[in-house]
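Have a look at the structure below, then the notes.
The values are calculated or read from the model by the stated rules, or taken from the named source; none is laboratory data. Just so it is clear, the structure is predicted and the values come from calculations on it, not from any experiment. With ideal geometry, Cβ positions are generated from the backbone for all residues, glycine too; neighbour counts draw on all protein chains shown. To get the accessible areas, we keep the full protein, side chains included, count just its heavy atoms, and leave off ligands, DNA and RNA. Shrake-Rupley method; radii C 1.70, N 1.55, O 1.52, S 1.80 Å.
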Amino acid sequence: MVLNPVVERVTERIIARSEASRAAHLGRMAAARSKGPARAHLSCSGQAHAYAGAGPDQGRLAETGAGNLAIVTAYNDMLSAHRPYERYPELIRDAARGMGATAQVAGGVPAMCDGVTQGEAGMELSLFSRDVIAMATAVALSHNVFDAALFLGVCDKIVPGLVIGAQGFGHLPAVFVPAGPMTSGLPNEDKARVRRQFARGEVGREALMKAEMAAYHGPGTCTFYGTANTNQMLMEFMGLHLPGASFVPPDSDLRDALTAEATRRALSMSALGNDYRPLCEVLDERAFVNGIVGLNATGGSTNLLIHLVAMARAGGILLDWQDFSDLSEVTPLLARVYPNGLADVNMFHAAGGLGFMVGALLRAGLLHPDTLTAMGEGLESYTRAPQLKAGQLSWGAPITDSLNPAILRPAETPFQQTGGLKKLDGGLGTAVMKVSAVAPEHHVIEAPARVFNDQNEVKAAFKAGEFTGDVVVVVRFQGPRANGMPELHSLTPILSILQGRGQKVALVTDGRMSGASGKVPAAIHVCPEAADGGLIARLRDGDVLRVDAVAGRLEVLSPAVASRPPAEVDLGANAAGCGRELFEVFRRSASPASDGASVFKG
């Protein structure tokens, strides 16, 4: 199939834009590779320290010809998605020993749950935790005694942080290893309904707690298509997972077989063998374009518009939101998974999942077919599902048919002709919107603004009955330089209630929304942010705003707004408590959301 001309043009544009920074990155990686496995150059004392904790593998480690695999893990049991990782290191060590190699836990990285911290002070650490994870990854690998690496992580900031950190060691081959989704519990739409009932005061906390515990009930990733599961999709589309690995259940025989095979794949790609395939060659411009296409085709999380920019920059690749928007215009929406539909990711996987989607997009000419992956060259292997027969792992025939057209459709008959994300420009700045879950009648909202400097003010106004007509709710001073750019997902039930009453309602914010948000139109990630002099800081109650997802516009229709002085807000309450004082340096130095909201200036 001929590559779509827009996909080709956007890719060429990214390559040209990134020429100097990409060449510099690849030069650093070539220099790192030329030194060879670094443990051979350590002193005897240094090597003894490196091997002292390795138990039965000490002798093999001292033989420098054997491969040594780094395990960088985000295991903890605060995150249900990461709970299964507790037993992975031993699985990986056993698989490595079967190849005559070794594996060591190089280090752990922090992993926080946005579901726990929604609406809490800890949420203001969430986005910046991505860069902490990247730095922790670098610390783990800095022992420089490894020939390849496995990265264990699933959730919102963890996968992006691991990818950023891994690229500092991009001369090493890398495979990312998922843990799989929890089994389906209370349907996501039923959970959301109870949340709305609680917000209206129709049910009490006991009913809410029962619903939440029935939805989030065991090990594995949350089953809605939010940021964590969008991360898993990206890792397959970008060739860093094994094919079909993303949504295999935790603690199953197939999951264990895939983890063992990931170990063997990573070691087989090291510079010690004949199939050297470093991460820096896998994550090229084409791989990132494939990831963006997958993001649009699945209606994935808006958080990835920030994370992918930062991930790409770590490898010298410069993305901007126009790239996402242009690709969205030619990428059909092929999946309906909550909040874009009623299905969860287990139903999506059963209907054909990522294998079907990769195949459909390849046939439509919307993916680069010839990228390097953990399986070799080309994405065709990612159209096949893994299977376990007589204890042996293999991959079946390409998945060419959807088993449920209410969840998955081919490119010829999509749910909509364009992708799930939209860039908005206008007098208020630049923003993005997830449109895949927004009904067409809500794609254009023009209404007076109610302006708030904190999400708790919105909740108080709702409880006081102040939202009686059409409204654009503006929540500002929520950007990376103000308070770390927290998610404002806890506003979703309130805004949904207003929409359900028949009011025209939209959200405009320089903050973020959860990957689980969607039905209310939300112009998010507004740049410039209020704390950086953006026009959003000059808005007042009653200013008329137009949020137009059809034309891609975000306009202030009231006159003379730009001539007003900006609002002055005391952000001192956000500067300390729950660890926030330790992140002051991040708030001072973070780049705009459009540049990845990062402290790294790549």
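Please identify every one of the GluC sites (Glu not before Pro) in region 350-435 that sits in a loop by DSSP and has no more than 14 other beta carbons within 10 Å of its own beta carbon. Kindly include the intermediate steps, with their values, before the conclusion.
Details: sites: 377, 380, 412; in loops: 412.
Passing both the DSSP loop test and the Cβ count: 412.
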Seminar exercise, completed: In region 362-467 the accessible area split gives carbon plus sulfur, as whole percent at 1.4 Å, a share of 51 percent
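Roll a 1.4 Å probe over the protein chains and send me the accessible area per residue for the chain in Å².
Values: 21580 Å² over 602 residues.
Accessible area per residue: 36 Å².
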Seminar exercise, completed: The percentage of the accessible area of region 9-102 (probe 1.4 Å, all protein chains present) made up of carbon and sulfur atoms, to the nearest whole number, is 56 percent
Exercise. Relative to the longest principal axis of the chain, what angle (0 to 90°, nearest 10) does the C-alpha long axis of helix 353-363 take?
Worked result: 90 degrees
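Ignoring any ligand, DNA or RNA, what whole percent of the accessible area of region 208-328 comes from carbon and sulfur when the probe is 1.4 angstrom? Kindly include the intermediate steps, with their values, before the conclusion.
Numbers: 1460 of 2690 Å².
Summing carbon and sulfur atoms, their accessible area is 54 percent of the total for region 208-328.
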For this session: Take the alpha carbon atoms of region 334-348, find their center, do the same for region 75-138, and report the distance between the two centers in whole angstrom.
Result: 26 Å
Seminar exercise, completed: Checking region 528-602 for trypsin sites (Lys or Arg not before Pro) in a loop per DSSP with at most 11 other beta-carbon atoms within 10 Å yields 601
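Which of the residue pairs 157/434; 157/504; 210/434; 157/463; 191/434; 423/463 have a Cα-Cα distance greater than 23 Å in the structure shown? Working shown, then result.
Details: 157/434 19 Å; 157/504 33 Å; 210/434 30 Å; 157/463 32 Å; 191/434 21 Å; 423/463 32 Å.
As for pairs spanning more than 23 Å Cα to Cα, those are 157/504; 210/434; 157/463; 423/463.
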